[in-house]
Amino acid sequence: MSLNIGKVPAALPSITLDLDLDLFGNGLVVAVFSVLIAAFGLLIGLSAARIGYRRAALGGLLLAAIAGLLAPLIHNLPMLLLLRVAEGFGWVMVAVSMPVLMTASSARRDQALVLGIWGAFVPLGMVVALLYAPYLLSLAGWRGLWFFTGSLCLLAALLIIRPSANLRVPIGRRFNTREIRNVILRRITLSMAACFLVYSALYVTVTSFFPLVLIERHSTEVPTAAALGALIVIGNIFGNIASGWLIRRGASRYMLVYVAMLACGVLAFGVFLPQISLEWRVMSAALFTFCGGLVPGTLFASVPLVVAQAAHIGIVNGLIMQGAGNGQFFGPLLQTAIVERGGDWIWALLATTLFTLLGLLAARVFHQQGQQQMVLEK
């Protein structure tokens with residue numbers, strides 16, 4: 001599903017020429033995913049719980065598949081945005097539902113590892129899309145890229161139909177307002193959403209602008225800067241996987257979040273300070289994404305432990321995904337405002353330091369409440 005995020009950066013120049021988009025149109029195509037997650041993550045999580053997580057996962061994949069397969073019919077920006085909205089809703093439905101299916105299909109001792117691997121689905125999808133998108137764009141244009149990605153979503157839906165049929169997952173049910181409020185307004189679930197919000201803000205503010213920093217600080221060629229920007233994302237994949245492995249080996253999930261937040265704050269100095277060599281800047285960024293990856297993997301692995309019943313997992317997933325969407329949306333806005341006012345990338349450290357302090361505060365609440373309220377953890 002995250003191929004639908006990763007395909008956009010590579011395809012944007014082709015879409016711009018084909019549909020005659022201006023800068024605002026480009027921004028809409030890029031931002032629609034973050035806006036959807038920020039605005040509707042919790043609502044989609046509630047809907048997934050209502051219709052049943054298996055149906056929601058399959059429905060999300062099919063919705064994204066249909067959107068991709070319809071791409072050859074698109075000839076203007078409103079129609080393209082409609083497809084992006086469909087892909088976005090499908091993406092969130094899968095994101096909140098698949099952890100439930102994966103938890104049900106794995107032994108309890110392996111769940112942290114499995115959910116840590118699941119946490120890598122966004123960076124992995126982005127890296128894979130960046131690898132195959134240029135080739136498909138040269139063969140079939142952006143519509144062919146959309147059609148191919150939609151076909152993969154359809155294939156994924158077909159592949160999970162039978163294996164998921166006999167899983168013991170919560171069936172669709174209604175939730176009254178009081179029950180929903182009791183789930184989402186607990187301090188531990190709010191602190192997890194806050195951790196995801198701050199992590200997303202940190203991650204996006206560094207990875208989105210890293211190629212620009214290379215170009216301005218080191219006069220790096222644009223293709224080289226873009227390639228290095230894609231390369232550092234790989235560290236995030238390993239960070240997610242490492243979180244599940246470390247928890248399975250007995251590491252404290254709270255300490256992982258503390259360490260990740262603090263490390264990201266420190267490593268951001270290696271990304272934005274002026275007197276840093278190119279090699280150390282790239283290494284700092286790669287370590288930044290690795291340490292950051294500990295956060296989503298840990299939080300996804302913690303969700304089954306903070307809910308009183310499995311039917312609530314998708315609701316909490318929706319809440320933390322909404323936190324992620326808000327971080328992705330507001331983080332870059334704050335950073336660019338600060339940098340523009342300061343006139344140099346060093347001012348970005350003001351934003352990353354603020355996010356780090358907020359992240360450590362959220363991690364502290366997660367720690368305190370988690371020790372009291374993780375109802376299944378022993």
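The values are calculated or read from the model by the stated rules, or taken from the named source; none is laboratory data. Here the structure is a predicted model, which is why all the values come from computation and not from measurement. Here Cβ is always computed from backbone atoms with ideal geometry, including for glycine, and neighbour counts include all displayed protein chains.
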*So which residues in the range 211-242 are out of contact with any Pro (no Cβ under 8 Å at 6 or more places or on another chain), farther than 19 Å from Gly270 by Cβ and modelled with pLDDT of 90 or more?*
Ile241, Ala242
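Yes or no, residue by residue, for (1) buried (at least 17 other Cβ atoms within 10 Å of the Cβ); (2) at negative phi; (3) at pLDDT below 90; (4) aliphatic (A, V, I, L, M):
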position: Ala57; (1), (2), (3), (4): yes, yes, no, yes
position: Ala67; (1), (2), (3), (4): yes, yes, no, yes
position: Ala71; (1), (2), (3), (4): yes, yes, yes, yes
position: Val85; (1), (2), (3), (4): no, yes, no, yes
position: Arg109; (1), (2), (3), (4): no, yes, yes, no
position: Val114; (1), (2), (3), (4): yes, yes, yes, yes
*State whether one or more residues within the range 362-371 are charged (D, E, K, R) and outside any helix (DSSP H, G or I).*
no
_Evaluation of Arg187 against (1) among the basic types (Lys, Arg); (2) without any contact (Cβ under 8 Å) to a residue 12 or more places away in the chain; (3) closer than 22 Å to Gln322 by Cα (one fails), failing number_ = (2)
*Would you please name the residue that is surrounded by the fewest Cβ atoms within 10 Å (Cβ to Cβ), looking only at residues in the range 87-100 that are within 17 Å of Val306 (Cα to Cα) and among the hydrophobic types (A, V, I, L, M, F, W, C)?*
Val100
*Subset of the range 196-210 (residues that are surrounded by fewer than 20 Cβ atoms within 10 Å (Cβ to Cβ) and modelled with pLDDT of 85 or more)*: Val204
_Selection from the range 227-251 of residues that are over 20 Å from Trp280 (Cβ atoms), in a helix (DSSP H, G or I) and either among the small types (Gly, Ala, Ser) or touching a Lys or Arg at 6+ places or on another chain (Cβ under 6 Å) (or both)_ = Ala242, Ser243, Gly244, Ile247
*Taking Ile37 as meeting all but one of (1) closer than 22 Å to Val127 by Cα; (2) modelled with pLDDT of 85 or more; (3) not polar (S, T, N, Q), write down the number of the exception.*
(2)
